[in-house]
Amino acid sequence: MNLSTLVKGWIELALSDLKVVSELNIYEYRGPIVYHLQQCVEKILKGIIVALGFDPPRTHFPSKKLEEILLEAELGNLEIKLSQNCKNLLEAIISVAKSLEDEVTRPRYGVRHADKIILPNELYSTDVVKMYFNDTKFVIEKTIEVFHELNICKDDPIVCQKLSEALSYELREGN
């Protein structure tokens, strides 16, 4: 399997999570929406890691691997050349992705207290869900720019086309 196929696979997985989000009603499924947004961002970051020529780690925190790659590249320990713009884009992606990664299991299991469990839908207001949705779109926008820098869009334009199309997804607020 080549690099392009792996990148495409991660992006397709990510966008399937985003598609689920667009089909769920924000008033009824806030927890599941945050979970799928988290999964979408994780998979996009894994696609970026592959595009940079590395195997993505089996983790819910791929931003740590991206940070490591950037640091090692900066120190000259890696045979990878990234423009300053690409580095800046990756840093922006990492910064935003961390907020979703930090949700860990809360969107699936809620929060356990001594005498009760706060359910995921109780944890997230619609405003917070919208914020995470916008964060996910930000990650997608910046990923498209990174993929242009890395020639992914030139080598496999379908990947960037699908990412661009995903920017039109909206949160469902009605029936």
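The values are calculated or read from the model by the stated rules, or taken from the named source; none is laboratory data. The structure displayed is predicted, hence computed values, not measured ones. Ideal geometry is used to build each Cβ from the backbone, glycine not excepted, and the neighbour counts take in all protein chains shown. Please note that ligands, DNA and RNA were not included when accessible areas were found on the heavy atoms of the full protein model with its side chains. Shrake-Rupley method; radii C 1.70, N 1.55, O 1.52, S 1.80 Å.
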Open item on the list: Please enumerate, by chain and number, the aspartates and glutamates with C-alpha under 13 Å from the C-alpha of residue 130, excluding those fewer than 8 residues away in the same chain.
Closed with: 170, 173
Open item on the list: Could you report the accessible area of residue 148 in Å², rounded to 10, computed with a 1.4 Å probe on the protein chains as they sit in the structure?
Closed with: 110
Task: Spin-label model distance (nm) - residue 122 vs residue 74, 7 Å beyond Cα toward Cβ - done: 4.2
Open item on the list: What value in Å³ per residue do you get for the convex hull of the alpha-carbon atoms in segment 89-146?
Closed with: 74
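With n ≥ 4 as the cut-off for DSSP H runs, can you work out [θ] at 222 nm for the chain, using -39500 (n - 2.57) per run divided by the number of residues, rounded to the nearest 500? Working shown, then result.
Numbers: 9 runs with 120 residues, N = 175.
Mean residue ellipticity at 222 nm (helix-derived): -22000 deg cm²/dmol.
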Task: Lysine pair count for segment 13-102 [Cα-Cα under 15 Å; pairs on different chains or 8 or more apart] - done: 11
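Under a 1.4 Å probe, what is the accessible area of segment 10-163 per residue, stated in Å²? Let's see the in-between values first.
Values: 7690 Å² over 154 residues.
Here the residues of segment 10-163 average 50 Å² of exposed surface.
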TODO: Tell me, for the chain, which Cys residues have no other cysteine's C-beta sitting closer than 4.7 Å.
DONE: 40, 86
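Which of the GluC sites (Glu not before Pro) found in segment 78-107 are loop residues per DSSP with 11 or fewer other Cβ atoms within 10 Å of their Cβ? Please report the intermediate quantities before stating the final value.
Working: sites: 79, 91, 101, 103; in loops: 79, 103.
Of the GluC sites (Glu not before Pro), the ones in loops of segment 78-107 whose Cβ has at most 11 other Cβ atoms within 10 Å are 79.
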- [ ] Find the centroid of the Cα atoms in segment 108-167 and in segment 1-39, then give the distance between the two in whole Å.
- [x] 8
TODO: Note down the accessible area of residue 94, probe 1.4 Å, to the nearest 10 Å².
DONE: 10
Task: Neighbourhood net charge (12 Å Cβ-Cβ; Lys/Arg +1, Asp/Glu -1) for residue 129 - done: -2
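Quick one: pull the percent of accessible area on the chain belonging to carbon and sulfur, 1.4 Å probe, ligands and nucleic acids left out.
Numbers: 4600 of 9170 Å².
Reported share for carbon and sulfur atoms: 50 percent.
Given the convex hull over the Cα atoms of the chain, what projected area results after averaging over all orientations, in nm²? Please list the in-between numbers first.
Details: hull surface 43.8 nm².
Computing the convex hull of the Cα atoms and averaging its projections yields 11.0 nm².
Grab the Cα-Cα distance for residue 167 and residue 131, subtract it from 0.36 nm times how many residues apart they are, and report the gain in nm with one decimal.
Values: separation 36, 0.36 × 36 = 12.96 nm, distance 1.46 nm.
Gain on stretching residue 167 to residue 131: 11.5 nm.
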TODO: Report residue 125's accessible area, 1.4 Å probe, all protein chains in place, as a number in Å² to the nearest 10.
DONE: 60
Task: Proximal charge balance of residue 108 [Cβ under 15 Å; K/R count +1, D/E count -1] - done: -3
